[in-house]
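The values are calculated or read from the model by the stated rules, or taken from the named source; none is laboratory data. Just so you know, these numbers come straight off a predicted model, no measurement behind them. Note that each Cβ is placed from the backbone with ideal geometry, even for glycine, and that neighbours are counted across all protein chains shown. Side chains included, ligands, DNA and RNA excluded: accessible areas come from the protein's heavy atoms. Shrake-Rupley method; radii C 1.70, N 1.55, O 1.52, S 1.80 Å.
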Amino acid sequence: NMAASGLAELGEAEQARSMESLYSALRFDDHGPLVDALQLGVQTRDRRRVDHWTSRLSALSPDSGWVNGMRARAFRQLGDSERTLESYDRALALAPDDVEMLRELSDLHGELGHAEAQIGLLRRVLGLTPEDNDVRQYVSALEPSVEHSDEAYAWKPERFLPDRLAAAAGQH
């Protein structure tokens, strides 16, 4: 592994990949080379490679929320929202209180235009971390505004805006 890292630092990318493959074959339980290969697949937009390395990671750690999170982020970067949602659901089934995963999934729902799902997930985040003011403010910005009872007595802008430049009548 150190030899592969050294070769990569020297700019010998092909030899480094070859050495990483050898290391990965000897230490199939090390996530590092698998994650590196997955990230390379995402960067090159190679869906076949991403499928291969996400499958390898899943086979190595089938009950890992972290692995399912890696899968979700990889599929999201490739624009595969169906597989991204599936991976986030698996991750949250294993760790339902993972605030980071809930926030990532809420962002995805927001991008997909699923406002109710997004707000629901953000409310779960607030239930777990009520001190998170950023999420609280974001939820209040996303929710439709509710008219308060005292606003019923306020004049509508059409009634007072035309007179805003008129001279004051009476005392000066």
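Express the relative contact order of region 95-148 as a whole percentage, based on alpha carbon pairs under 8 Å and six or more residues apart in sequence. Present the calculation step by step, with values, prior to reporting the outcome.
Numbers: 34 pairs, mean separation 16.2, N = 54.
Relative contact order here is 30 percent.
Is the C-alpha gyration tensor of the chain telling us rounded, prolate or oblate? Criteria: a/c under 1.5 is rounded; beyond that, a/b larger than b/c is prolate, otherwise oblate. Please list the in-between numbers first.
Details: a/c = 3.86, a/b = 2.68, b/c = 1.44.
Verdict is prolate for the chain.
Taking only protein heavy atoms into account and a 1.4 Å probe, give the accessible area per residue of the chain in Å².
Numbers: 11650 Å² over 172 residues.
With the other protein chains kept in place, the chain gives 68 Å² per residue.
Would you calculate the separation in nanometres between label points at SER55 and GLU131, each defined as 7 Å from the Cα along the Cα-to-beta-carbon direction?
For SER55 paired with GLU131, the spin-label model returns 4.5 nm.
Could you please put TRP53, TRP155, TRP66 in sequence from largest to smallest accessible area, using a 1.4 Å probe?
Values: TRP53 50, TRP155 145, TRP66 120 Å².
If we order TRP53, TRP155, TRP66 from most to least accessible, we get TRP155, TRP66, TRP53.
Using a Förster distance of 41 angstrom, determine the FRET efficiency expected from the C-beta separation of SER140 and ARG45, and round it to 0.05.
On the way: r = 38 Å, r/R0 = 0.92.
After rounding to 0.05, the efficiency reads 0.65.
Between TYR153 and GLU82, take the C-beta separation as r, use R0 = 41 Å, and let me know the FRET efficiency to the nearest 0.05. Spell out each step's value before the answer.
Working: r = 50 Å, r/R0 = 1.22.
Rounded to the nearest 0.05, the efficiency is 0.25.
Please work out the FRET efficiency for the pair ALA3 and VAL35, using the Cβ-Cβ distance as r and a Förster radius of 30 Å; give the result to the nearest 0.05. Write down the numbers at each step before the final one.
Numbers: r = 19 Å, r/R0 = 0.62.
For R0 = 30 Å, the calculated efficiency reads 0.95.
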